[in-house]
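Q: Have a look at this one.
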Amino acid sequence: MTTLDEKLEPILSEVLRRNAGETEFHQAVREVLESLGRVIAKHPDYAEAALIERVCEPERQIIFRVPWVDDKGQVQINRGFRVQFNSALGPYKGGIRFHPSVNLGIVKFLGFEQIFKNALTGLPIGGGKGGSDFNPRGRSDGEIMRFCQSFMTELQRHVGEYTDVPAGDIGVGGREIGYMFGQYKRLTNRYEAGVLTGKGLAYGGSRARKEATGYGAVFFVDRMLATRGRGVEKMRTVVSGSGNVAIYAIEKIHALGGKVVACSDSGGYVLDEAGIDLDLLKDIKEVRRGRVAEYAERRAGRVRYVDSGSIWDVPCQIAMPSATQNELTGRDAKRLVEAGVIAVGEGANMPSTPEAIRVFQDAGVLFAPGKAANAGGVATSALEMQQNASRDSWSFEQTEERLAEIMRSIHDTCAATAEEYGTPADYVLGANIAGFVRVAEAMRALGVI
Ligand code: NAP
């Protein structure tokens, strides 16, 4: 674990001062700056022209009112956000999150992470993120549609295929993207497929986009394990969450011969020693938009449902936190290490606290940070943009092969960078440095803007 270089201390202090109270954003910036000490020691020019200060300051932050009418005829007000963080490498690119916890600091942490993640893909995409404090849980389909339409009524002024291309995130899947795309098309009178990614196959979506983040994270973990002569096969695995990322991580682990024994939602976790029944989980989560507790009811007696405590109490060899930020604490990490965890792959963004990362790294556990391990989703979004631009549609196999190739490349870049900077197998440092260097080179070339 690295500490902050004294030359970078004033930069972090300034970020903390200028963005008071935004704790998740502070955490994300601190982690990246802790990695950059080694870069400026080797290449002092990366500290010139305020490159590091600039990368920590969003290019544009938009906050807006989202009024909508619920099924009872009552007017509801939510707050919408879009943080356009960095466009040195391409149009801003990053998801939209609908969750009651969303605030500016959370959107900024996600946007900041997105800059480096997108850089790691090697594709021409800048970093941004958006969302709203809207809670979709329990809302009818009509309410979701009216909310999405109102959200896009303002957002449409700020996005476009060459400007900013949002996608999904927590609470935003194919249904919400469809409603937002419909409203964008209606307001602009343009069939601009490349303005959003994660679209349905019927109207310009990419095959394998839905699967991409989860599959990609497993490809990364498998390759990371290969450096120790192992693989996902036969590994007892725990995946937190049961949303888009978690479901497709489970699918790929099972396809590669591993066994996922537990998954969760914010209500609790289910432990199924026979291996999670994915058809049942998909039916509950994707078709009926239900809860993990129902999984236990439908497999009565054969599984255990725990509505208090942590999913990380379940012993496993691979842990894939795929729900939300800071869900895996230092205490959880200690328990996992004691239980013999070999590899951790972050499907979610920043799910492990800094203390947890330290515990894993000190114990020699292979640790894949989200900005590298979950980059398969945004990479496949960039492939969707390519298909839209060329009015083409690739097969599932072709898209999955590109995804696998991109994940191999991200893994190898992170590993080689960690090695080059004297910290072999430190994927946190490798991802932060490799991502930063690519963005910094582009920013330098574009001048002070
Ligand atoms: P999703 O489909 O909405 O699923 C989120 C899952 O996490 C649900 O099971 C949800 O349970 C659980 N969860 C959310 N907030 C929680 C909380 N505060 N406490 C406990 N559980 C919580 O979202 P997703 O797309 O899978 O995203 C999951 C993570 O992956 C996020 O960190 C996201 O930023 C990251 N990510 C997503 C993509 C992508 O392509 N979708 C790409 C890269 C990274 P409830 O239903 O009970 O809330």
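The values are calculated or read from the model by the stated rules, or taken from the named source; none is laboratory data. Just so it is clear, the structure is predicted and the values come from calculations on it, not from any experiment. Cβ placement follows ideal geometry from the backbone for every residue including glycine, while neighbour counts extend to all protein chains displayed. The accessibility values were calculated without ligands, DNA or RNA, using every heavy atom of the protein model including side chains. Shrake-Rupley method; radii C 1.70, N 1.55, O 1.52, S 1.80 Å.
Q: Apply the a/c threshold of 1.5 to the C-alpha gyration tensor of the stretch 186-245 and tell me whether it is rounded, prolate or oblate.
A: Working: a/c = 4.27, a/b = 2.90, b/c = 1.47.
Cα axes put the stretch 186-245 in the prolate bin.
Q: How big is the stretch 256-316 by Rg and Dmax over its Cα atoms, in Å?
A: 11.0, 31
Q: For the stretch 139-144, in order, what is each residue's ³J(HN,Hα) by Karplus, 6.51 cos²θ - 1.76 cosθ + 1.60 with θ = phi - 60°, in whole Hz (x at glycine and Pro)?
A: 7, 6, 4, x, 5, 4
Q: For residue 293 and residue 326, what is the calculated FRET efficiency with R₀ set at 25 Å and r taken between the beta-carbons, to the nearest 0.05? Display every interim value, and only then the final one.
A: Values: r = 23 Å, r/R0 = 0.94.
After rounding to 0.05, the efficiency reads 0.60.
Q: Can you compute 3J(HN,Hα) from phi for each residue in the stretch 394-411, using the Karplus curve 6.51 cos²θ - 1.76 cosθ + 1.60 with θ = phi - 60°, rounded to whole Hz and x for Gly and Pro?
A: With coefficients 6.51, -1.76 and 1.60, one gets 8, 6, 4, 5, 4, 5, 5, 5, 5, 4, 4, 5, 5, 5, 4, 5, 5, 4 Hz.
Q: Sticking with this structure for a sec: Using a 1.4 Å probe and counting only protein heavy atoms, arrange 299, 358 so the residue with the most accessible area comes first. Walk me through the numbers before you get to the answer.
A: Working: 299 35, 358 100 Å².
From most exposed to least exposed: 358, 299.
Q: Also: Could you sort 42, 234 by their accessible area in this structure, using a 1.4 Å probe and putting the largest first?
A: Details: 42 100, 234 165 Å².
The ordering from most to least exposed comes out as 234, 42.
Q: By its C-alpha gyration tensor, with a ≥ b ≥ c as the square roots of the eigenvalues, how is the chain shaped: rounded for a/c under 1.5, else prolate for a/b larger than b/c, else oblate?
A: Details: a/c = 1.44, a/b = 1.02, b/c = 1.41.
Taking the square roots of the gyration eigenvalues as a ≥ b ≥ c, the chain is rounded.
Q: With r defined as the distance between the Cβ atoms of residue 53 and residue 282 and R0 fixed at 45 Å, what FRET efficiency is calculated, to the nearest 0.05? Please list the in-between numbers first.
A: Values: r = 46 Å, r/R0 = 1.01.
Approximately 0.50, to the nearest 0.05.
Q: Using only Cα atoms, locate the centre of the stretch 5-54 and the centre of the stretch 88-117, then give the distance between them in Å, rounded to an integer.
A: 18 Å
Q: How do 394, 312 stack up against each other in accessible area, from largest to smallest, with a 1.4 angstrom probe? Could you put the intermediate results ahead of the total?
A: Values: 394 30, 312 5 Å².
The residues order as 394, 312, largest area first.
Q: Of the options 380, 437, 364, report the single residue whose Cα projects farthest towards the positive end of the charge dipole of the stretch 317-449 (beta-carbon charges: Lys, Arg +1; Asp, Glu -1).
A: It is 437.
Q: Provide the per-residue ³J(HN,Hα) series for the stretch 7-12, in order, calculated from phi with Karplus coefficients 6.51, -1.76, 1.60 and θ = phi - 60°, each as a whole number of Hz, with x at glycine and proline positions.
A: Those phi angles translate into 5, 8, 4, x, 5, 5 Hz.
Q: Of all DSSP beta bridges located in the chain, what percent are antiparallel, nearest 5?
A: Values: 25 of 44 bridges.
Counting only bridges with both partners in the chain, antiparallel ones make up about 55 percent.
Q: Something else about it: Dipole of the stretch 185-283 (Lys/Arg Cβ +1, Asp/Glu Cβ -1, origin at the Cα centre): which of 219, 201, 238 lies farthest to the positive side?
A: 201
Q: Right, another one. Can you give the charge dipole size of the chain about its Cα centre, rounded to the nearest 20 debye, using +1 on the beta carbon of Lys and Arg and -1 on the beta carbon of Asp and Glu? Spell out each step's value before the answer.
A: Numbers: 55 positive and 57 negative charges, 188 e Å.
Around 900 debye, computed over the chain.
Q: Another question, if that's okay. Stretch residue 397-residue 161 to full length: gain in nm at 0.36 nm per residue minus the Cα-Cα span?
A: Working: separation 236, 0.36 × 236 = 84.96 nm, distance 2.57 nm.
My answer for the length gained is 82.4 nm.
Q: Any idea what the relative contact order of the stretch 211-364 is, in percent, if you count C-alpha pairs under 8 Å spaced at least 6 apart? Present the calculation step by step, with values, prior to reporting the outcome.
A: Details: 319 pairs, mean separation 35.2, N = 154.
After rounding, I find 23 percent.
Q: Heavy atoms only, probe 1.4 Å: what % of the accessible area of the stretch 144-186 goes to carbon and sulfur, would you let me know? Kindly include the intermediate steps, with their values, before the conclusion.
A: Working: 760 of 1600 Å².
About 48 percent, which is the carbon plus sulfur part of the accessible surface.
Q: Continuing with the same structure: Among all the lysines, which ones have a C-alpha under 28 Å from residue 108's C-alpha, if same-chain residues fewer than 8 places away are not counted?
A: 7, 93, 117, 129, 185, 199, 210, 371
Q: While we're on this one: If you wrap a convex hull around the Cα atoms of the stretch 60-192, how much volume per residue is inside, in Å³? Please list the in-between numbers first.
A: On the way: hull volume 12.9 nm³, N = 133.
Spelled out: Cα convex hull of the stretch 60-192, divided by residues, is 97 Å³.
Q: Now for a separate question. What is the list of residues in the stretch 354-389 whose amide nitrogen lies under 18 Å from a point 7 angstrom out from the Cα of residue 228, following Cα to Cβ?
A: Backbone N within reach: 356-370, 373.
Q: Express the accessible area of the chain per residue in Å², computed with a 1.4 Å probe while the remaining protein chains stay in the model.
A: Numbers: 17560 Å² over 449 residues.
That works out to 39 Å² per residue.
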